[in-house]
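Chemist: Can you read through this structure? Questions will come right after.
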Amino acid sequence: MSDKFISLNSDLYRYVVEHRSEHDPVLAELMAETEGLGPVALMQIAAEQGAFMTLLTRAIGARSAVEVGTFTGYSALCVARGLPEDGHLLCCDINDQWTSIGQRHWKKAGVDHKIELKLAPALDTLRALPAKPQFDIAFIDADKTNYANYYEEILTRLRPNGLILFDNVLWMGQVVGEGEASEDTKALRQLNDALVKDERVESVMLPVADGLTIVRKR
């Protein structure tokens, strides 16, 4: 099979980002404030990824969502935008300083009533939930070594045809790199290999930002 992709330069990437229908001024403000935090701002998802997540949430008619790894709340705002007025998003994080930035912007955007933030280890939060389908869509973007654990807990609680999105699955190219791998890299490689063999789901990996895998529960 021949390669079929286009490499993006800065101008072409800017063109991609500009050609999306989601241009929320609150998202732009949140992105700017997050960038002011310095290098840690790299943990925030890209603008086009956020727009895609909003569209996907709406497209499947999601009413209940869960997110593991909220950071400053950009992805949560994107998902909440895609939920109906009575929708619910459970956000799992452990950092009060970063998530407080998100809370201010959720309120400003008028979606704070849809979002429940739990400041505790995510596995504890997930395992405390009833072990039955209750989520329509999930986003995992936290510590990479626990991705597989988060996946198992969420899959149990995901409805059939529900979706789970995994961020950073290309890990800046290190998943196919040579040399000694970090524990995060090893965990992502193992997860990527396991998902395509998991008969409980079907999956696709997309070269969006740092790599985004989407799985559908059968």
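The values are calculated or read from the model by the stated rules, or taken from the named source; none is laboratory data. Please read all numbers here as calculations on a predicted model, not as lab measurements. Cβ coordinates were reconstructed from backbone atoms using ideal geometry, including for glycine residues, and neighbour counts include every protein chain displayed. Heavy atoms of the whole protein, side chains included, go into the accessibility calculation; ligands, DNA and RNA do not. Shrake-Rupley method; radii C 1.70, N 1.55, O 1.52, S 1.80 Å.
Chemist: Kindly list, by first and then second residue, each pair from a residue in the range 39-50 that is within 13 Å of Val208 (Cα to Cα) and free of Cβ contacts under 8 Å to residues at least 24 places away in the same chain to a residue that is open to solvent by 20 Å² or more (accessible area, probe 1.4 Å) and in a helix (DSSP H, G or I), limited to pairs with Cβ atoms under 9 Å and residues at least 6 apart or on different chains.
Modeler: none
Chemist: Moving on to the next point. Restricting attention to the range 81-117, which residues are part of a helix (DSSP H, G or I), among the acidic types (Asp, Glu) and out of contact with any strand residue (DSSP E or B) (no Cβ under 8 Å at 6 or more places or on another chain)?
Modeler: Matches in the range 81-117: Asp112 only.
Chemist: Could you list all residues from the range 67-78 that are of a type in the set (A, V, I, L, M) and either open to solvent by 10 Å² or more (accessible area, probe 1.4 Å) or more than 10 Å from the chain's Cα centre (by Cα) (or both)?
Modeler: If the condition is that a residue be of a type in the set (A, V, I, L, M) and either open to solvent by 10 Å² or more (accessible area, probe 1.4 Å) or more than 10 Å from the chain's Cα centre (by Cα) (or both), then Leu77 is the only one that fits.
Chemist: From the list Ala187, Ala194, which residue is at pLDDT 95 or above, open to solvent by less than 40 Å² (accessible area, probe 1.4 Å), of a type in the set (Gly, Ala, Ser) and in a helix (DSSP H, G or I)?
Modeler: Ala187
Chemist: Moving to a separate point now. Do you know which of the residues in the range 1-57 that are assigned to a loop (DSSP other than H, G, I, E, B) and among the charged types (D, E, K, R) is most open to solvent (accessible area, probe 1.4 Å)?
Modeler: Selected residue: Lys4.
Chemist: Quick check on my filter: what residues within the range 160-173 are open to solvent by 10 Å² or more (accessible area, probe 1.4 Å) and at pLDDT 95 or above?
Modeler: Listed by number, the residues that qualify are Pro160, Asn161, Leu163, Asn168, Leu170, Trp171.
Chemist: Looking only at residues that are among the acidic types (Asp, Glu) and surrounded by fewer than 16 Cβ atoms within 10 Å (Cβ to Cβ) in the range 91-142, which one is nearest to the chain's Cα centre (by Cα)?
Modeler: The selected residue is Glu116.
Residue by residue, here is whether (1) at pLDDT below 95; (2) of a type outside the set (S, T, N, Q) holds:
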residue: Glu18; (1), (2): yes, yes
residue: Ser21; (1), (2): yes, no
residue: Leu27; (1), (2): no, yes
residue: Ala32; (1), (2): no, yes
residue: Ala41; (1), (2): no, yes
residue: Ile45; (1), (2): no, yes
residue: Thr54; (1), (2): no, no
residue: Ala62; (1), (2): no, yes
residue: Gly69; (1), (2): no, yes
